[in-house]
Amino acid sequence: MTGQLARHAPVLAVRWRAAATLGATTLVGLAAFLWPFLAQPGSGLAHGSDAPWLFVLLIALLTALVVAELSGGGLDAKTVAVLGVLAAAGGALRVLGGGTAGLEPMFFLLVLAGRVLGRGVGFVLGALAVLVGAFLTGGVGPWAPFQMIAAGWVGFGAGALPRASGRLERVMLAGYGLVAGLLYGVVMNLWFWPFLTSGAPAGAAFVPGDPVAANLSRYAAFYLATSLGWDLPRGVLTAVLVMVAGRPVLASLRRGTRRAAFGTTGQFVAGHGEGG
Amino acid sequence: MIRFEDVGVRFDDGGEPVLSAVDLQVDEGELALVVGATGSGKTTLLRCVNGLVPHFSGGTLSGRVTVDGRDTRTHRPRDLADVVGVVGQDPAAAFVTDTVEEELAYGMESLGVHGDVMRRRVEETLDLLGLADVRQRTLRTLSGGQQQRVAIGGVLAAHPRVLVLDEPTSALDPVAAEEVLAALTRLVHDLGLTVLLAEHRLERVVQYADRVVVVENGRVSSDLPAAAMATSPVSPPIVDLGRLAGWSPLPLSVRDARRVVGPMRTQLAGRAPNRIVRSVTMTGQGEALLSARALVVNRGRRPVLRGIDLEVRAGEVVALMGRNGSGKSTLLAAACGLLPARVGSVRTGGLDPASLPPRELLRRVGLVPQDPGLLLYGETVSAECRAADTDMRVAPGTTRTLLVYLAPDVEDRTHPRDLSEGQRLALALAIVLAGEPPLVLLDEPTRGLDYGAKTRLVASLRSLAAERHGVLVATHDVELVAELADRVVVIADGELVTDGPADAVLAGSPAFAPQVAKVMHPQPWLTVADVAAALAAS
Amino acid sequence: MTRAHHDPRLPRLLHPAAWWAWAIGLAMAASRTTNPLLLALVVAVVGYVVAARRELGAASPFGAFLRLGLFVIAMRVLFQALLGGGVPGRTVLLTLPEVPLPPGSGGLRLGGSVTLEGVLAAAYDGARLAAVLACIGAANALASPRRLLRYVPATLYEVGTALVVALTYAPQLVEDARRVRAARRLRGHAGRGPRELARLAAPVLDSALERALDLAASMESRGYGRSVHRDARSRRQATTLTLVGLGGVVAGVYGLLDGGSAPLLGLPLLLVGSAAASASLAVGARREPRSRYRPDPWAAPEWVVLASGAVAGGLVLVAAQRGVQDIVVQTSPAVWPTVPWLPVVGLLLGLVPAWLSPLPPLRAVERVGDSRVIHTKGIRSAS
């Protein structure tokens, strides 16, 4: 009934290979997002404008690998169906919020579902929900792999939060939602930043080869100027939704998981039928 | 073909065993009909056949179930997919893909059937179930009957030898149900398939059955249809009539019944059904609670209602009939302000419902939607009732009291989703009635209801009418209409085709005649109760 | 596959992978140049092919991608104008009021003079991204990514199925939400505000999860998951490949980021790693006996389309390697760009699919008056 459910019986256990893949993907993902700060002068990436494209391909490949590893050993029909239905809900919410700047109610579902179904499902769900949203709106663009992995992290993180229950749990999830919503924006902007401003080395632009601190402060300016207005509402919306709707939604997710009886095998006993 | 040996099933919730000491054998090529009240264990019995119980559901199974010699202990449902095909009640919930051809092929893809064979079987299945014209359509755009046939085709394409169907027609209108049943009987006769079929609406299927399996409180007995029906706890009107008249063997089809009905007709000759002619509109009494004048309503750009004139007055029960998609639900939606009138007008209690604020609206009209679950949000029945009291601004406890009256056996702590269909409907009705709206609308209330729940529903709606409520029920269920309605309104393609007293409309129409009327034709009897009353009086 | 599949006159849907490969080829070409004339040519080429070979019926996402591209150019120019740029420029177009910022704000400047050179550089850069987006939009329009889902490697089959389920179910879910919201009105609520959204969420989710269980039972009964028989050897191979791949990719990325390491270490490591990782996706489930219903054929037209994209991308790439003049346009001082012939020939070859690929069926039906077009249905039953 309470928050321990996910902990005791993870719907999707994160095995060592999956963990290793996830770890490596996270490293590469960090590099993909942070390379404007990490690349050293004179390194292979510092001067080309190809780095973002390279990372698009790499991240797409690695996201596929993580998802394959997480689902390794075969997802059973229940997990596939639940994942499918929740990803549909996430994708639909994404389309719903698409019209309004930054208001992305998908994160609300992602945080709660990650919490109830655990880290593994949280990651896969985040990635799938983004993809479903992209399919529904008719466009898979180069941003999709980055969004998938970032949303995957949001779901994963929700599944990895410490145990709590009742109001405390909701407050924790709301806080997490706020932070995750903001961080998601910060990270996603990083991907786009070099595209938008490379080659114009001043102001809020990325300057290949500049010291980290200088690039960082420029990114901060860029972020404040362009994105905070989108990300803050997203974080706040997620937090508000978790506080307002968290209880019934958590309850219905937990009820659903309980009814699904994930991982059950059923028993057979020999001999006579009951009362026979 | 299917063998249950001393089977018992118990789920992990610590309750009573759902099935116990079941011994059952269904031979190859038989169509076995499973009957029983809601909650009797029918679904569990069906799900044992391919091992969904207990492999998928959890729980404990004792004894042994074998299909075509394969034991469900050692074969999981997926390993039985080439022997048993399972089709559920809601076809749309079982679709994995989104076009007809892909859905038919899906099962075979999982089984690794070779491409050429798969292609051939899909073509065969399309012809067998009459789906060739819609082969490339998106599943969502198909009618209910077509969807159910695709669902059957989806399991059939893998060439199973047993087909298990859990209420395949209960969500369908009579025409669509007929399509599906015709397809099924063809499969049994042409392919020698063994079919195990559960169904509430026995009047539709009992005449096709080779064997009837009765499930009552987890106990299972099986017999030839006529013998089983003589003692079955649930029975269609024709069997009730046969029992009343003491016919032996019991007739199961209208054709059989008409052969033996002669003496009864002679006995009743010259009598009219002693139905209280309640239709107040005909006599001009009662205030008009709903009046539509030349009403046109659009869904999107498409006009669904094209100029409807209709009145519902206090104290009458009006049945709204017509095909799926003829505009019944749209009319109800317009009557409670969910859709605006495009041309013409609709008035509830003299005001336009679409312009009323929601809080005002529910004082005038209440709607129980097709899926009563839509009205339910609470986590327990008691929470739901308390929320309803607040929503309707009535004294605390009002809804709960109503619920006790409508369905005495509902427990406080149950989750609304875990209620049976009948209980859920009762809860939704209780919520709607808490606001004491003069006009009550119901959309397809008898979906998935067993005969017992239906009888209770009829009683509560009749007593509403007696208390001067107006009731408008959209339904396909002619047996319900025969028992319940004063007046019948038939719409087709958004236009009103017939509006008249129930007796005249039902008895006079081949499409809407209830079983009793068909048997007693040309005498105007509609229900077993009418006949019984007349016989008792004679 | 029948011989008829090789004939580009037989109307059918082209293999989605062919369209995506073609579009990626052109996108690669676009990413190599900042010449606005070449970029305009790229957009014109993909636009023409979309207009000629898109299947009728579904809404086209191509327009949305074009608009997004224009937005990118506008943003890019706006940033340049507001924040100034390091592009040395003498031609001042206008001077904005400069906002004084505290010292130590990292060389940030707000306002000031806007130069032609700066604006051009920004616009060219934006146009490059816009052209790439147009190529991807064209791929989306010509072959819905949903169709690519049928070709996910077997290791991703389960997740692919979940995605198919999600796409099938999403419209239903929207409909459910609408109905629940209508029903709220019946209980006296107007249905607005976050608290109301919360009220909607639980019932919609409840019925969604219930349906998921029905669906799972149906999948299980229809043999889902039956054919997963991975043997130990292929699993070990997959593990090894995964680990090698991950190691290679991580080391490769490090090599690329680190200025000190050998310059040629990064990229090769990265390539080897990526190859190993891709291979592990394929090997992990090589022994799946699952079969596929009516797979899209891969015949001559697919090769033609693929080659067209590859040649277009390749020629521009070669031109860029050779440093052909005005592949990268000079902006300071601003001059009118010339049109280098090699890339133009390459890009024009990208037009080939507009004639040498089969018409999609619905579009062919529309042209059925044309006697040369063979009706699809006739071919299907004949093949």
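Exactly one residue out of C:Leu93, C:Leu110 is in contact with a Pro (Cβ under 9 Å, 6 or more places away or on another chain) and modelled with pLDDT under 85, and it is C:Leu110.
Looking only at residues of region C:144-180 that are in contact with a helix residue (DSSP H, G or I) (Cβ under 7 Å, 6 or more places away or on another chain) and β-branched (Val, Ile, Thr), we find that the one that is nearest to B:Leu338 (Cα to Cα) is C:Val180.
Residue under question is C:Val304, and the condition is that it be open to solvent by 30 Å² or more (accessible area, probe 1.4 Å) and over 30 Å from B:Asp116 (Cα atoms); does it hold?
Numbers: open to solvent by 30 Å² or more (accessible area, probe 1.4 Å): yes; over 30 Å from B:Asp116 (Cα atoms): no.
It is false that C:Val304 is open to solvent by 30 Å² or more (accessible area, probe 1.4 Å) and over 30 Å from B:Asp116 (Cα atoms).
In region C:202-223, the residues that are assigned to a loop (DSSP other than H, G, I, E, B) reach residues that are hydroxyl-bearing (Ser, Thr, Tyr) with C-beta atoms within less than 7 angstrom, at least six apart or across chains, in these pairs: C:Arg222/B:Tyr106; C:Arg222/B:Ser110; C:Gly223/B:Ser110.
Tell me, which helices (runs of 4 or more DSSP H) wholly within region B:339-458 include 1 or more residues that are touching a residue at least 12 places away in the same chain (Cβ under 8 Å) and more than 9 Å from chain C (Cβ to nearest Cβ)?
Here the list reads B:381-392, B:398-406, B:421-434.
Considering region A:183-206, the residues that are touching a helix residue (DSSP H, G or I) at 6+ places or on another chain (Cβ under 6 Å) and assigned to a loop (DSSP other than H, G, I, E, B) include one that is modelled with the lowest pLDDT, namely A:Ala200. A count restricted to region B:190-230 and to residues that are closer than 21 Å to B:Glu28 by Cα and charged (D, E, K, R) stands at 5. Against the numbered list (1) within 25 Å of C:Ala208 (Cβ to Cβ); (2) touching a His at 6+ places or on another chain (Cβ under 7 Å), B:Pro358 comes up short only at (1). Pairs linking a residue in region B:54-68 that is closer than 12 Å to B:Asp6 by Cα to a residue that is charged (D, E, K, R) and assigned to a loop (DSSP other than H, G, I, E, B), with Cβ atoms under 9 Å and 6 or more positions apart or on different chains, are B:Leu61/B:Arg73; B:Ser62/A:Glu274; B:Arg64/B:Arg73; B:Val65/B:Arg73.
Would you kindly identify the helices (runs of 4 or more DSSP H) lying entirely within region B:128-221 that contain at least 2 residues that are open to solvent by 20 Å² or more (accessible area, probe 1.4 Å) and β-branched (Val, Ile, Thr)?
Working: elements: B:144-156, B:174-191, B:202-205.
The qualifying helices (runs of 4 or more DSSP H) are B:174-191.
The residues of region A:94-115 that are surrounded by fewer than 24 Cβ atoms within 10 Å (Cβ to Cβ) and either more than 18 Å from C:Ala202 (Cα to Cα) or at pLDDT 80 or above (or both), listed by number, are A:Val95, A:Gly97, A:Gly98, A:Gly99, A:Thr100, A:Ala101, A:Gly102, A:Leu103, A:Pro105.
Scanning region B:190-231 for residues that are hydroxyl-bearing (Ser, Thr, Tyr) and within 19 Å of the chain's Cα centre (by Cα) gives a single hit, B:Tyr208. Screening region A:116-138 for residues that are open to solvent by 10 Å² or more (accessible area, probe 1.4 Å) and assigned to a loop (DSSP other than H, G, I, E, B) and picking the one that is modelled with the lowest pLDDT gives A:Gly138.
Return a yes/no flag: does region C:117-136 have any residue that is within 7 Å of chain A (Cβ to nearest Cβ) and of a type in the set (D, E, K, R). Among the residues of region C:117-136, at least one is within 7 Å of chain A (Cβ to nearest Cβ) and of a type in the set (D, E, K, R), which makes the answer yes.
Report yes if C:Leu267 is at pLDDT below 85, surrounded by fewer than 18 Cβ atoms within 10 Å (Cβ to Cβ), facing chain A (nearest Cβ under 9 Å) and outside any loop (DSSP other than H, G, I, E, B), otherwise no.
Working: at pLDDT below 85: yes; surrounded by fewer than 18 Cβ atoms within 10 Å (Cβ to Cβ): yes; facing chain A (nearest Cβ under 9 Å): yes; outside any loop (DSSP other than H, G, I, E, B): yes.
So C:Leu267 fits the description; yes.
Note on region A:79-93: among residues that are open to solvent by 10 Å² or more (accessible area, probe 1.4 Å) and facing chain C (nearest Cβ under 7 Å), the one that is modelled with the lowest pLDDT is A:Ala92. Residue pairs whose Cβ atoms lie under 6 Å apart, sitting 6 or more positions apart in sequence or on different chains, and linking a residue in region B:227-240 that is touching a residue at least 24 places away in the same chain (Cβ under 8 Å) and closer than 17 Å to B:Ser40 by Cβ to a partner that is open to solvent by 50 Å² or more (accessible area, probe 1.4 Å) and of a type outside the set (A, V, I, L, M, F, W, C), are B:Pro233/B:Glu216.
Considering each residue of region C:37-60 in turn, none proves to be more than 17 Å from A:Val140 (Cα to Cα) and touching a strand residue (DSSP E or B) at 6+ places or on another chain (Cβ under 8 Å).
Look at region B:451-474 and say how many of its residues are farther than 13 Å from B:Gly315 by Cβ and touching a strand residue (DSSP E or B) at 6+ places or on another chain (Cβ under 7 Å).
So the first thing to find is which residues in region B:451-474 are farther than 13 Å from B:Gly315 by Cβ, and the list is B:451-460, B:473-474.
Remaining after also requiring touching a strand residue (DSSP E or B) at 6+ places or on another chain (Cβ under 7 Å): B:473-474.
The total comes to 2.
Go through region C:145-161 and give me each residue that's at pLDDT below 85 and polar (S, T, N, Q). Residue satisfying the conditions is C:Thr155 alone. Is at least one residue of region B:310-333 at pLDDT 90 or above, in the same structural domain as B:Glu421 (by TED's automatic domain parsing) and open to solvent by 50 Å² or more (accessible area, probe 1.4 Å)? So far as region B:310-333 goes, no, none of its residues is at pLDDT 90 or above, in the same structural domain as B:Glu421 (by TED's automatic domain parsing) and open to solvent by 50 Å² or more (accessible area, probe 1.4 Å).
Has region B:496-504 got any residue that is closer than 30 Å to B:Arg306 by Cα, crowded, with 22+ Cβ neighbours inside 10 Å and among the charged types (D, E, K, R)? Yes, the conditions are met somewhere in region B:496-504.
For region C:141-154, indicate whether the set of residues that are closer than 26 Å to B:Val96 by Cα, open to solvent by 10 Å² or more (accessible area, probe 1.4 Å), of a type in the set (S, T, N, Q) and assigned to a helix (DSSP H, G or I) is non-empty. No, the conditions are met nowhere in region C:141-154.
Pick out the one residue from B:Arg424, B:Arg386, B:Arg413 that is under 26 Å from the mean Cα position of the chain (by Cα) and within 24 Å of A:Leu253 (Cα to Cα). When all the criteria are applied, what remains is B:Arg424.
Within region B:363-375, the residues that satisfy the criterion of being under 28 Å from the mean Cα position of the chain (by Cα), farther than 10 Å from B:Leu332 by Cβ and open to solvent by 10 Å² or more (accessible area, probe 1.4 Å) are B:Asp371, B:Pro372, B:Leu374.
For region B:282-339, the set of residues classified as at positive phi and touching a helix residue (DSSP H, G or I) at 6+ places or on another chain (Cβ under 9 Å) consists of B:Gly286, B:Gly315, B:Gly322, B:Gly337, listed by residue number.
The values are calculated or read from the model by the stated rules, or taken from the named source; none is laboratory data. Computed from a predicted model, the values in this text were never measured in an experiment. In this analysis, Cβ positions are derived from the backbone assuming ideal geometry, glycine residues included, and neighbour counts consider all displayed protein chains. These area figures cover heavy atoms from the full protein model, side chains too; ligands, DNA and RNA do not enter into them. Shrake-Rupley method; radii C 1.70, N 1.55, O 1.52, S 1.80 Å.
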